[in-house]
Structures are given as C-alpha cells and as structure tokens.
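Peer 1: Pasting a structure here, questions to come.
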Amino acid sequence: MPATIRDVAKRAGVGVATVSRVLNNSGLVSERARQTVMQAVAELNYVPNPTARRLSLGKTFTVAVIVPFFTRPSFVERLRGIDSVFADSRYDMIVFNVESVQKRDKYLAEVPRPDRADGVIVVTLTPNDTQAQAFKTSGVPVVLVDTHHTELPSVMEDSVLGGRIATGHLIELGHRKIAYVSDVLDDVFSATAASLYRFKGYQQALEVAGIELRDDYLKHGRHSRAEAHRCALELFALPDPPTAVFAASDTQAIGVMEAARDAGLRVPDDVSVIGYDDLDVAGYLELTTVRQSLFESGQRGAQLLLNAIDGQLIEPVRESIPVELIVRKSCRRIEDAA
C-alpha cells in the first residue's frame with residue numbers, strides 16, 4: 001500500500017501536523033524537524049494526496065479562464081500568453097469557452113467560486129455592475145483581459161487610439177472615401193465593444209481631417225471572413241465606392257481582400273485595406289495593420305491574477321497595452337492608384 005502521512009509521521013518521530021507544515025512549506029517548523037520529515041518522505045517514497053492537500057490549504061490550485069470563441073486567432077494568441085505564465089506556476093488552468101449569452105451568464109455566475117478556482121481571468125466579455133459586485137463578494141480574484149470595469153483589475157489595448165492610427169494612415173495616403181467594416185457594434189461578443197472603440201477612433205480621425213462620415217461606408221456583421229466578404233461586396237457595389245477600407249480585425253480584413261478580388265479589384269491599386277491585430281497571416285498577405293500585443297496582454301493578465309491570488313494586488317489597476325502601425329503593401333497613396 002502507498003505510504004500515508006501517518007506513516008511519514010511515525011518514521012520521522014513527529015506528529016501529523018508537523019509533517020503537514022513541512023509539506024506546505026510552513027515557517028513554523030525547525031530546520032531539524034524539516035530535514036527529518038523530508039528524509040522520511042524520501043525513504044517511504046511518499047506522494048501527498050493532492051485532493052487532501054488542497055482541502056487542508058483551502059485552495060483548488062486551479063485558475064479559470066472564461067473566453068468567447070477560443071478558436072479564433074486573436075483569442076488563441078491571448079490564451080497562449082496566459083498559459084505561458086501558468087505553465088510555470090503551481091496552478092492548473094481550465095478554459096471555459098463561451099459561444100452564447102446563456103453560457104456567458106452561466107460561467108460568470110458559477111465559475112468565480114472558492115471551491116472551483118483560486119482566480120479567474122475573463123477575456124473580452126465585459127461584466128455588468130451586478131456581476132462585478134458578485135465577483136468581489138465571492139472573494140475569488142478576477143482579472144479582465146481585453147475589457148475593463150472600474151471595480152476590477154484589467155489589461156486592455158487602446159482601441160480608440162488604434163482606430164485613429166489606422167484611419168489616419170489612410171488619410172495621410174490621400175484617401176477621403178474610407179469605409180469601416182467590423183463586428184456589430186452593440187454585440188455582446190464584439191470584443192468588449194472593441195469594434196465600437198475602433199469606430200470611435202475612425203470617427204475622430206475623419207473629423208480632424210474634415211471628412212464627412214458616410215453611413216453607406218459603415219458595414220457591420222458577425223465576426224468572420226465570410227461576413228466581412230459580404231459587407232465588402234456591398235461597399236464595392238456602391239455607385240461611389242470607397243477607395244480604402246479599415247477592417248476592425250485582420251480576419252475581417254482578409255475577407256475584404258477576398259471580396260476585392262472577387263469584384264475584380266486589385267489591392268492596393270484599386271482599393272487599400274488595413275486591418276487590426278497583426279496576426280501571423282497578416283505578414284504573409286502583406287497586410288498593413290495595427291499591432292496589438294495579444295500574447296503579451298495574456299501574459300500580463302495572468303501575472304496580475306497571480307499577484308491578486310497572493311494578496312499583492314489590492315486596488316483595481318487598469319493597464320494599457322500599446323498599439324503600433326505595421327506598414328506593409330496593402331495600402332498605397334490615392335494619387336498613385338491605377
């Protein structure tokens with residue numbers, strides 16, 4: 001039979017409580033007793049029962065990540081960043097994939113509980129005031145990534161700035177007919193309203209340049225290449241089509257580029273296209289885009305959560321991840337267009 005903690009205590013000549021303190025790295029044990037216990041552990045090849053250990057410490061040694069549509073490229077990158085931190089910690093990571101409003105509400109209500117996780121990261125989904133208060137009442141630390149709430153620590157890139165940068169780049173290239181393709185702006189899964197924030201940046205850049213905002217240049221749909229393709233075809237069929245398109249993600253920008261090809265247009269000769277995210281495929285397609293540090297934002301969110309679990313994070317902090325314009329070959333000056 002496998003050795004028990006009582007066997008270790010008997011071999012070491014100490015009480016069970018002393019063995020427990022040694023195994024849990026308590027400072028309330030003398031060095032001599034510690035060495036004696038660890039020698040007994042080695043001689044008996046004792047392996048602590050993880051369930052019993054968790055119960056004795058009042059911890060699950062599990063962290064939960066609640067994320068929508070985690071197979072999408074941008075979410076995969078954030079999850080990779082989160083996992084890179086927890087892989088080197090004592091915590092196991094469980095991912096809860098949200099694909100409906102019902103699942104969102106269920107997980108936000110049920111996952112942040114002391115018996116389920118020692119900490120929770122919520123990616124993209126913005127909790128309402130009631131949910132945020134419930135998180136705080138649960139006593140389980142919660143960190144937001146790619147969204148924010150005033151009562152919770154968060155890590156998020158500046159989408160308004162990113163929208164201004166993308167649109168401003170097209171304006172600098174001489175474009176005045178600039179369309180915007182994105183998720184539905186009030187969709188609960190539209191990246192914490194990142195599409196809305198990028199739209200605000202788009203609006204601001206047009207206003208500064210004295211360019212009228214045209215409703216027929218605004219197209220929104222479900223987040224996918226196919227929907228972006230459909231939206232772009234509608235733009236290109238207009239009597240006065242845009243000369244440039246700002247897509248709220250690289251995935252949607254790819255759909256726009258495919259639609260341009262199907263409409264007999266050349267990128268960038270006939271229409272310029274700019275995306276957002278800087279996914280790996282963007283470089284292959286020579287897509288000009290706004291880079292947000294997806295991997296790094298996941299890393300920083302995980303680090304904040306570990307700090308919160310250890311009691312090092314008291315006040316809600318809001319960290320902003322920088323954005324950067326990455327210029328490639330999908331945009332060109334309007335006067336150079338063929």
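Peer 1: Taking interchain pairs and intrachain pairs at least six residues apart, which have beta carbon atoms under 8 angstrom, with the first residue in the range 196-214 and in the same structural domain as residue 274 (by TED's automatic domain parsing) and within 14 Å of residue 185 (Cα to Cα) and the second of a type in the set (Val, Ile, Thr) and surrounded by 15 or more Cβ atoms within 10 Å (Cβ to Cβ)?
Peer 2: Hits for this filter: 197/160; 198/160; 200/160; 201/160; 201/165; 201/167; 202/167; 202/178.
Peer 1: On to the next question. Is one or more of the residues making up the range 228-236 among the small types (Gly, Ala, Ser), closer than 22 Å to residue 281 by Cβ and at pLDDT below 95?
Peer 2: The answer is no; no qualifying residue exists.
Every residue, every condition in (1) closer than 21 Å to residue 176 by Cβ; (2) at pLDDT 95 or above; (3) in the same structural domain as residue 149 (by TED's automatic domain parsing); (4) among the hydroxyl-bearing types (Ser, Thr, Tyr), yes or no:
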| site | (1), (2), (3), (4) |
| --- | --- |
| 270 | yes, yes, no, no |
| 273 | yes, yes, no, no |
| 283 | no, no, no, no |
| 287 | no, yes, no, no |
| 306 | no, no, yes, no |
| 309 | no, no, yes, no |
| 312 | no, no, yes, no |
| 315 | no, no, yes, no |
| 330 | yes, yes, no, yes |
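Peer 1: Quick check: anything in the range 97-115 of a type in the set (A, V, I, L, M, F, W, C) and assigned to a strand (DSSP E or B)?
Peer 2: Step one: of the range 97-115, the residues of a type in the set (A, V, I, L, M, F, W, C) are 98, 101, 108-109, 111.
Filter once more, keeping what is assigned to a strand (DSSP E or B): 98.
Within the range 97-115, one or more residues are of a type in the set (A, V, I, L, M, F, W, C) and assigned to a strand (DSSP E or B).
Peer 1: For residue 265, work out the one condition from (1) part of a helix (DSSP H, G or I); (2) outside the structural domain of residue 148 (by TED's automatic domain parsing) it doesn't fulfil.
Peer 2: Tallying (1) part of a helix (DSSP H, G or I); (2) outside the structural domain of residue 148 (by TED's automatic domain parsing), residue 265 fails exactly one: (1).
Okay, residues lined up against (1) surrounded by 24 or more Cβ atoms within 10 Å (Cβ to Cβ); (2) at pLDDT 95 or above:
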residue: 180; (1), (2): yes, yes
residue: 184; (1), (2): no, no
residue: 187; (1), (2): no, no
residue: 194; (1), (2): yes, no
residue: 203; (1), (2): no, yes
residue: 206; (1), (2): no, yes
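Peer 1: Still on this structure: Which pairs turn up if I take residues in the range 23-37 that are more than 16 Å from residue 13 (Cβ to Cβ) and look for partners that are at pLDDT 80 or above with beta carbon separation below 6 Å, at least 6 apart in sequence or on another chain?
Peer 2: These pairs meet every condition: 28/21.
Peer 1: Separate question: How many residues, within the range 268-322, are closer than 16 Å to residue 145 by Cα, assigned to a helix (DSSP H, G or I) and in contact (Cβ under 8 Å) with a residue 12 or more places away in the chain?
Peer 2: 14
Peer 1: Give the range 132-148 a look and list any residue that's out of contact with any Lys or Arg (no Cβ under 7 Å at 6 or more places or on another chain), in contact (Cβ under 8 Å) with a residue 40 or more places away in the chain and surrounded by fewer than 21 Cβ atoms within 10 Å (Cβ to Cβ), or say none.
Peer 2: 147
Peer 1: Just a yes or no: is a residue in the range 224-234 without any contact (Cβ under 8 Å) to a residue 40 or more places away in the chain, closer than 22 Å to residue 108 by Cα, basic (Lys, Arg) and touching a strand residue (DSSP E or B) at 6+ places or on another chain (Cβ under 9 Å)? Before the answer, list the steps.
Peer 2: Taking the range 224-234 and keeping what is without any contact (Cβ under 8 Å) to a residue 40 or more places away in the chain, we get 224-227, 229-230, 233-234.
This time we only want the ones that are closer than 22 Å to residue 108 by Cα, so: none.
The answer is no, given that none of the residues of the range 224-234 is without any contact (Cβ under 8 Å) to a residue 40 or more places away in the chain, closer than 22 Å to residue 108 by Cα, basic (Lys, Arg) and touching a strand residue (DSSP E or B) at 6+ places or on another chain (Cβ under 9 Å).
Peer 1: Turning to a different aspect of this structure: Answer yes or no as to whether residue 212 is exposed (fewer than 15 other Cβ atoms within 10 Å of the Cβ), of a type outside the set (Gly, Ala, Ser) and over 27 Å from residue 60 (Cα atoms). Show your work before the answer.
Peer 2: Details: exposed (fewer than 15 other Cβ atoms within 10 Å of the Cβ): yes; of a type outside the set (Gly, Ala, Ser): yes; over 27 Å from residue 60 (Cα atoms): yes.
Considered against the rule, which asks whether it is exposed (fewer than 15 other Cβ atoms within 10 Å of the Cβ), of a type outside the set (Gly, Ala, Ser) and over 27 Å from residue 60 (Cα atoms), residue 212 comes out as yes.
Peer 1: Further question: Does residue 90 meet the test of being outside the structural domain of residue 18 (by TED's automatic domain parsing) and within 24 Å of residue 21 (Cα to Cα)?
Peer 2: Criteria met by residue 90.
Peer 1: What do you reckon, is residue 332 among the basic types (Lys, Arg), within 16 Å of the chain's Cα centre (by Cα) and either crowded, with 16+ Cβ neighbours inside 10 Å or not in a strand (DSSP E or B) (or both)?
Peer 2: Values: among the basic types (Lys, Arg): yes; within 16 Å of the chain's Cα centre (by Cα): no; either crowded, with 16+ Cβ neighbours inside 10 Å or not in a strand (DSSP E or B) (or both): yes.
No: the conditions fail for residue 332.
Peer 1: Next up: Among the listed residues 220, 175, identify the single one that is more than 27 Å from the chain's Cα centre (by Cα), crowded, with 18+ Cβ neighbours inside 10 Å and either touching a residue at least 24 places away in the same chain (Cβ under 8 Å) or not assigned by TED's automatic domain parsing to the domain that holds residue 67 (or both).
Peer 2: 175
The values are calculated or read from the model by the stated rules, or taken from the named source; none is laboratory data. Please read all numbers here as calculations on a predicted model, not as lab measurements. Glycine gets a Cβ as well: all are built from the backbone with ideal geometry, and neighbour counts include every protein chain shown.
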